[in-house]
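Have a look at the structure below, then the notes.
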Amino acid sequence: ETMASLSIQAGSHSADFETDSPKNIQMSRSAPTTPRMTLEERYQTELVKAVASDFGSIPKQLITKQGMDNSGRQIFMINSSRFNENADLNLLYLYFIQLMEPCSHSEFVIVYDNSGPNRPPFAFMAEKYKSLPHRFKKHLKAVYVLHPTFWVKATFSWHFTSILSSKFWPKIHYLYDPQLLLQHIPRDQIQVPDVVLRQEPIFGKSLEEVMSRSDHAKRDIPIIVDSCINYLAMFKANTIPGIMRLAGKESEIQVLKKQFDRGEDVDRRDRSSSALVVNCGQKGPESPT
């Protein structure tokens, strides 16, 4: 009976010891968890940083506030050709929110010009898009992408599919014919070079595609052929034996092709390169320009 009593007492002390174990004491004395900042609170913190930031290194005309579209909504223009691959992306984001904040409480649209050689990293854009308050996503009513490419569409879909609702995708308009932009935005409400609105990439397109474009309506041959032949004729290149077979500079050929694709005034320094550009536009199983 005494042993049974001792056993019961020992059991009760064991239970008390377990209740007051260091683990339980630590749990009971732990401080309450700090509440996490809301999306709006984090955004306001970033906005304070933006107000105090120096944006002197941000390229001019990269992100600009324009006029109003046909529905009276504010237009913002993003020009990929102004993007610097070495840019401070976080500083660029701060510039973006301080520019757009005054208009974030009403409807707005974005025009993205994809005709430039450089493009902001979409992975970073997707990350920062998630950090924007809901009102930005609600009031963004349209995104017009000028000169879209397969790479841009595929990359955009890859990074944004998991974070965009099904209601957002109809807001994206890929404008292969930039003239279609003027159906939504008056010409005097957006500052963009005429060549951006009329010029589409030439290389990689079929002859039928190029000749059916609005900027070739009154032409009998593609503009690239006309331009290069006139240049060669001006310097009497027809007197140079085998001009169409001479090896031009590959680096210069690529520069010429990009200039033609962007609708720029083409600077031709080498006659053989101009001749090869014409040849490049005629080769291929599907008659690409």
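The values are calculated or read from the model by the stated rules, or taken from the named source; none is laboratory data. The structure displayed is predicted, hence computed values, not measured ones. Methodologically, a virtual Cβ is constructed for each residue, glycine included, from the backbone with ideal geometry; neighbour enumeration extends over all protein chains shown. Surface areas here come from the heavy atoms of the whole protein model, side chains and all, with no ligands, DNA or RNA. Shrake-Rupley method; radii C 1.70, N 1.55, O 1.52, S 1.80 Å.
Tabulated data for the structure shown
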| item | result |
| --- | --- |
| Search result, residues across segment 173-200 that are closer than 14 Å to ASN114 by Cα and not in a helix (DSSP H, G or I) | HIS173, TYR174, LEU175, TYR176, ASP177, VAL192, PRO193, GLN199, GLU200 |
| Candidate set from segment 99-117 (those that are open to solvent by 20 Å² or more (accessible area, probe 1.4 Å) and among the polar types (S, T, N, Q)); member that is nearest to the chain's Cα centre (by Cα) | SER115 |
| Residue list for segment 218-256, restricted to those being at pLDDT 70 or above, out of contact with any Lys or Arg (no Cβ under 8 Å at 6 or more places or on another chain) and outside any helix (DSSP H, G or I) | ARG219, ASP220, ILE221, PRO222, LYS236, PRO241, GLY242, LYS249 |
| Given (1) crowded, with 19+ Cβ neighbours inside 10 Å; (2) closer than 22 Å to TYR174 by Cα, index of the condition LEU94 fails | (2) |
| Helices (runs of 4 or more DSSP H) contained entirely in segment 1-118, each with at least 3 residues that are modelled with pLDDT of 90 or more and closer than 30 Å to VAL196 by Cα | 89-100 |
| Filtered residues of segment 48-71 (kept if touching a residue at least 12 places away in the same chain (Cβ under 8 Å) and more than 22 Å from the chain's Cα centre (by Cα)) | LYS49, VAL51, SER53, ASN70, SER71 |
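Every residue, every condition in (1) open to solvent by 20 Å² or more (accessible area, probe 1.4 Å); (2) of a type outside the set (D, E, K, R), yes or no:
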| residue | (1), (2) |
| --- | --- |
| ARG119 | yes, no |
| LEU132 | no, yes |
| THR149 | yes, yes |
| SER157 | yes, yes |
| TRP169 | yes, yes |
| HIS173 | yes, yes |
| SER206 | yes, yes |
